[in-house]
Structure formats: structure tokens, C-alpha cells
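Notes follow the structure.
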Amino acid sequence: MEQSTIEQLRSCMICPRKCGIDRMAGQYGFCHAPLKPKIALVSAHQWEEPPISGSKGSGTIFFSHCNLRCVFCQNYEISQEQFGEEVSIERLAEIFLEQQQRGLHNINLVSASHFVPQVAEALYLAKKQGLSVPVVYNSNGYEARDALRLLDGLVDIYLPDFKYWDDTLAQTYSHAPNYARIAAAAILEMRRQIPDDVLDAEGLMRKGIIVRHLVLPGHYRDSLSVLDWILQYLGKDTYVSLMNQYTPMYHAKEYKNLSRRLTTFEYEKVTEYFLNIGLRHGFAQKRSSATAEYTPHFDLSGVRKS
């Protein structure tokens, strides 16, 4: 890593929590992430949005730890229970190249916000060694703009969540103060870096942004406010993925609203609003997607060099 990157990790400010801990000295902040990147699974993922997964799959790399603590997290085994294995920057770059060699459509970095400096360095190394497929940055939206600027020119596609508009929901369900303000600023920075959406002849995204929103049971009106922001600040041509896959997992059953699945009525209210306000490019999910069967099996596949 470059010296400037190392210095950022000596007083870690790479996510909005700005813990200021010295990761070089082995200290741990809110996310409990170590200095080295930690990975739980390297896979070919078929269940992303069609312009991402295509016919061959997306080259996902699932990072362990998280700067959120979502009570309903479907990946809690790696985000909260911290399963995974640390790798070097050099090994991470090799993994990127191995995913490309598998013939996958892209490299998909899943929840890497707490490893941004390390990921940026690994991408730089991999690109010098021939990485040419699009790089997808798959994010929970709780990002610091200064950290995102380290990825400028290295990431081709941003796939951020916009989880909440109501800060009370964000704090209650994800322990994320000021989530809407922070996610909005982060997504605008992503749009600044990649101003245009570009799809190839096969419908695969080569550059662009897809904003994801998971509709939560009991809170569909909050979803409408998120859509209002997208229309006002990103425009009617923004690609939006409205997810119907909510499944009560982890600690969700401890919360009345989250202890059940989303109803068809709630989801249709959001999709109808999407159309009524004039948004044009959307992805919807079938109700059958709300199952734990779509949760990846984290077993360190692809992490170690074969």
C-alpha cells in the first residue's frame, strides 16, 4: 500500500463513523475489521440484477465485517459473526484476476466499505496485470465521500443501497445515525464519478449506477420518500432495484414489524408509486425471492490460492 493509504489506517476515518483507531497497531473500531482484507466467499453469483449477473454470473467477493449492524442481516454470519479469512493485498488482486479468468461478467465487491484503501490498492495492482472486466462496488450506502474518492477511476459500476429515509428506522434497525444524509451524499459522489449509465448490446452494464432499496414490512411509506429523493436528485432515468426479498433473519423476530414477510399490498404500493412519479428504469422481484435459500453459503471457497 502507498504510504498515504497506510497513514489513513493509522487513524481510521474511512467510513462515516470515523472511529479514529489505529488499525496498523491492531486496534478495532465499530466494524471490528482487521488491517488485512478479510473474505468469506469468492463465487459466481447469478442473482444480482440482470445487467449485472447476465448469463454467466457476477464475480462476487464477499467481505467479512460491516460498518452497519442490521438486525435483519441475511449475511450475519460474515457481517456480524465475522467469519472469513484474512488475505494480503497481493492475494486480493489475484482473486480479482481469477474471477476474470473464470469468464464472469464483472468483479463484484460485496460490502467492502471498511476495506476501501486496501481494495483500491488491490484493484490498482490487478489492473496493471490485465484486469479489464467492469468492477462493481456493492455497498450498503453508509459510505464516506473521501473514501469513495479513492475508488475514482477504479470502479465502473456502483450498486449502493438506499435503505432508509427515516433516521429513527436507521438507528433502530441498523445502528446507523444520519443514514439518509450520508447515503444521499455518497450516492451523489458515485454519480459524480460515473455520470452516465452504459449498457452493451447484450444488456450488460459496463458503467453506471443501480440504486437498490429493500422494502421493509410495516414501512412501505419510508420507501416512497427514498424514491422521491432519487427522482429529485438523480432523475427519472436512474436505474432502481426495488427488492421484495425481505426475510426475517438474525434478530429480526425481536421487532414486531420485522418479524413477518412483506405483503403483496406493501410491495405493490411501492412499485406503483415508482411508476406514478415517472421513474423509468426499474427492477422488481417476485415474492418467491423472499427466502433464505438465496443466502450464499459462506465456506471460504476461492479465498485460498489453489
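Listed by first and then second residue, the pairs with beta-carbon distance under 6 Å, at least 6 apart or on different chains, first residue in segment 245-260 and within 20 Å of GLU81 (Cα to Cα) and free of Cβ contacts under 8 Å to residues at least 12 places away in the same chain, second among the polar types (S, T, N, Q) and assigned to a helix (DSSP H, G or I), are LYS253/SER259.
Out of ALA184, ALA122, ALA176, one residue alone is within 23 Å of PRO34 (Cα to Cα), part of a helix (DSSP H, G or I) and of a type outside the set (Ser, Thr, Tyr). It is ALA122. Screening segment 20-47 for residues that are at pLDDT below 95 and under 22 Å from SER132 (Cα atoms) and picking the one that is surrounded by the fewest Cβ atoms within 10 Å (Cβ to Cβ) gives GLN46. Going through (1) part of a loop (DSSP other than H, G, I, E, B); (2) open to solvent by 20 Å² or more (accessible area, probe 1.4 Å); (3) modelled with pLDDT of 95 or more one by one, MET1 falls short only on (3).
Going by the conditions given, is ILE209 under 21 Å from the mean Cα position of the chain (by Cα), closer than 20 Å to GLU48 by Cα and in contact (Cβ under 8 Å) with a residue 24 or more places away in the chain? Criteria met by ILE209. Just for segment 143-173: of the residues that are hydroxyl-bearing (Ser, Thr, Tyr) and part of a helix (DSSP H, G or I), which one is most open to solvent (accessible area, probe 1.4 Å)? Restricting to residues being hydroxyl-bearing (Ser, Thr, Tyr) and part of a helix (DSSP H, G or I), the top hit is THR168. Taken residue by residue, segment 133-142 has at least one member that is closer than 14 Å to ALA186 by Cα, open to solvent by 10 Å² or more (accessible area, probe 1.4 Å) and in contact (Cβ under 8 Å) with a residue 24 or more places away in the chain. Could you grab me the full set of residues in segment 51-80 that are surrounded by fewer than 21 Cβ atoms within 10 Å (Cβ to Cβ) and more than 24 Å from TYR164 (Cα to Cα)? Across segment 51-80, the qualifying residues are SER53, GLY54, SER55, LYS56.
If you go through segment 250-280 and pick out every residue that is out of contact with any Leu (no Cβ under 9 Å at 6 or more places or on another chain) and either part of a loop (DSSP other than H, G, I, E, B) or surrounded by fewer than 13 Cβ atoms within 10 Å (Cβ to Cβ) (or both), you end up with 13. Taking the stated definitions as given, is SER223 open to solvent by less than 30 Å² (accessible area, probe 1.4 Å), under 24 Å from HIS65 (Cα atoms) and in contact (Cβ under 8 Å) with a residue 12 or more places away in the chain? No.
The values are calculated or read from the model by the stated rules, or taken from the named source; none is laboratory data. Fair warning: this is a prediction, and the values are worked out from it, not measured in the lab. Using ideal geometry, Cβ is built from the backbone for each residue, glycine included, and neighbour counts are taken over all protein chains shown. Surface accessibility is based on the protein's heavy atoms, side chains included, excluding ligands, DNA and RNA. Shrake-Rupley method; radii C 1.70, N 1.55, O 1.52, S 1.80 Å.
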